[in-house]
Amino acid sequence: MSIQKTIERIKSGTVSRNELDTLRANAESRRHLPGAQELLAAIQMAKPLNTYMVFMGFCPNAEFSNRLDLEWKKQGTCTFDYYEDEVQSARFNSIMPGDIIVLKKREVFGVSMKVYGHGIVTSYAYDSENRRILNVTWSDQNEVIETPLMGANSTVNIKDMSVINNEMPEQFFQWLQV
């Protein structure tokens with residue numbers, strides 16, 4: 001299949017997350033070939049067939065005084081700086097356009113969290129240190145609600161939409177609509 005046809009297919013939204021990952025790896029290994037950069041650019045903006053909801057912590061060291069969400073919302077971005085944790089780094093690096101980011105802070109250990117905002121990932125890029133930056137269209141949502149805790153004590157918790165539909169209360173879905 002030609003690169004142009006592959007790009008058209010990617011833009012159509014009919015490609016799975018796994019296939020996008022494979023295409024990205026192949027394009028990165030062949031950056032020097034004609035069309036590879038254009039293919040990578042299309043992948044960085046591609047919305048896969050299956051989207052996830054990401055519950056993202058925004059307070060380094062669990063200290064609310066360290067909150068990053070206000071800057072993220074101002075800049076239209078979301079970042080992750082705890083690269084020593086390979087599992088969470090891999091999770092953050094798997095986030096794709098179309099995924100919903102929900103800003104969360106654990107409230108009652110092992111039981112609940114408060115959610116502070118949400119947005120949709122539109123694309124991603126890399127900074128000068130090759131760290132991923134998510135470009136996010138943040139909602140104007142200002143209401144903070146308490147919900148059941150989704151995920152463990154990690155910063156990046158990725159959930160399939162079926163899990164969210166089964167485990168979150170109606171209040172969460174009403175909050176999410178704003």
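The values are calculated or read from the model by the stated rules, or taken from the named source; none is laboratory data. None of these values were measured; they are calculated from a predicted model. Neighbour counts run over all protein chains shown; Cβ positions are idealised from the backbone, glycine included.
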query: Within segment 15-30, restricting attention to residues that are within 19 Å of the chain's Cα centre (by Cα) and in a loop (DSSP other than H, G, I, E, B), which residue is surrounded by the fewest Cβ atoms within 10 Å (Cβ to Cβ)?
result: SER16
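Kindly indicate whether LEU68 is in the same structural domain as GLU129 (by TED's automatic domain parsing) and touching a His at 6+ places or on another chain (Cβ under 8 Å). Please lay out each step first, then the result.
On the way: in the same structural domain as GLU129 (by TED's automatic domain parsing): yes; touching a His at 6+ places or on another chain (Cβ under 8 Å): no.
So LEU68 does not fit the description; no.
Any idea how many residues of segment 56-69 are out of contact with any helix residue (DSSP H, G or I) (no Cβ under 6 Å at 6 or more places or on another chain) and either surrounded by 13 or more Cβ atoms within 10 Å (Cβ to Cβ) or modelled with pLDDT of 95 or more (or both)?
The initial filter retains those residues of segment 56-69 that are out of contact with any helix residue (DSSP H, G or I) (no Cβ under 6 Å at 6 or more places or on another chain), namely 56-57, 61-65, 67-69.
Now drop any that are not either surrounded by 13 or more Cβ atoms within 10 Å (Cβ to Cβ) or modelled with pLDDT of 95 or more (or both), which leaves 56-57, 67-69.
Qualifying residue count for the region: 5.
Regarding ILE145, is this residue at pLDDT 90 or above, surrounded by 14 or more Cβ atoms within 10 Å (Cβ to Cβ) and under 19 Å from the mean Cα position of the chain (by Cα)?
Numbers: at pLDDT 90 or above: yes; surrounded by 14 or more Cβ atoms within 10 Å (Cβ to Cβ): yes; under 19 Å from the mean Cα position of the chain (by Cα): no.
Against the criterion (at pLDDT 90 or above, surrounded by 14 or more Cβ atoms within 10 Å (Cβ to Cβ) and under 19 Å from the mean Cα position of the chain (by Cα)), ILE145 does not qualify.
Pick from VAL102, VAL115, VAL144, VAL121: which is closer than 15 Å to MET56 by Cα and touching a His at 6+ places or on another chain (Cβ under 9 Å)? Steps first, please.
Details: VAL115 fails: touching a His at 6+ places or on another chain (Cβ under 9 Å); VAL144 fails: touching a His at 6+ places or on another chain (Cβ under 9 Å); VAL121 fails: touching a His at 6+ places or on another chain (Cβ under 9 Å).
Exactly one residue qualifies, and that residue is VAL102.
With the requirement that a residue be within 12 Å of the chain's Cα centre (by Cα) and over 13 Å from VAL54 (Cβ atoms), what does segment 91-124 give you? Spell out the reasoning first.
Step one: list which residues in segment 91-124 are within 12 Å of the chain's Cα centre (by Cα), which gives 91-103, 118-124.
Selection gives THR122, SER123.
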- line: Wholly inside segment 31-118, helices (runs of 4 or more DSSP H) that include 1 or more residues that are in contact (Cβ under 8 Å) with a residue 12 or more places away in the chain and polar (S, T, N, Q) are 36-44, 86-93
query: Which of the residues belonging to segment 1-14 are over 10 Å from ILE43 (Cβ atoms) and surrounded by 15 or more Cβ atoms within 10 Å (Cβ to Cβ)?
result: ILE3, ARG9
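Based on what the data block shows, is LEU39 in the same structural domain as HIS118 (by TED's automatic domain parsing), surrounded by 12 or more Cβ atoms within 10 Å (Cβ to Cβ) and out of contact with any strand residue (DSSP E or B) (no Cβ under 7 Å at 6 or more places or on another chain)?
Working: in the same structural domain as HIS118 (by TED's automatic domain parsing): no; surrounded by 12 or more Cβ atoms within 10 Å (Cβ to Cβ): yes; out of contact with any strand residue (DSSP E or B) (no Cβ under 7 Å at 6 or more places or on another chain): yes.
Considered against the rule, which asks whether it is in the same structural domain as HIS118 (by TED's automatic domain parsing), surrounded by 12 or more Cβ atoms within 10 Å (Cβ to Cβ) and out of contact with any strand residue (DSSP E or B) (no Cβ under 7 Å at 6 or more places or on another chain), LEU39 comes out as no.
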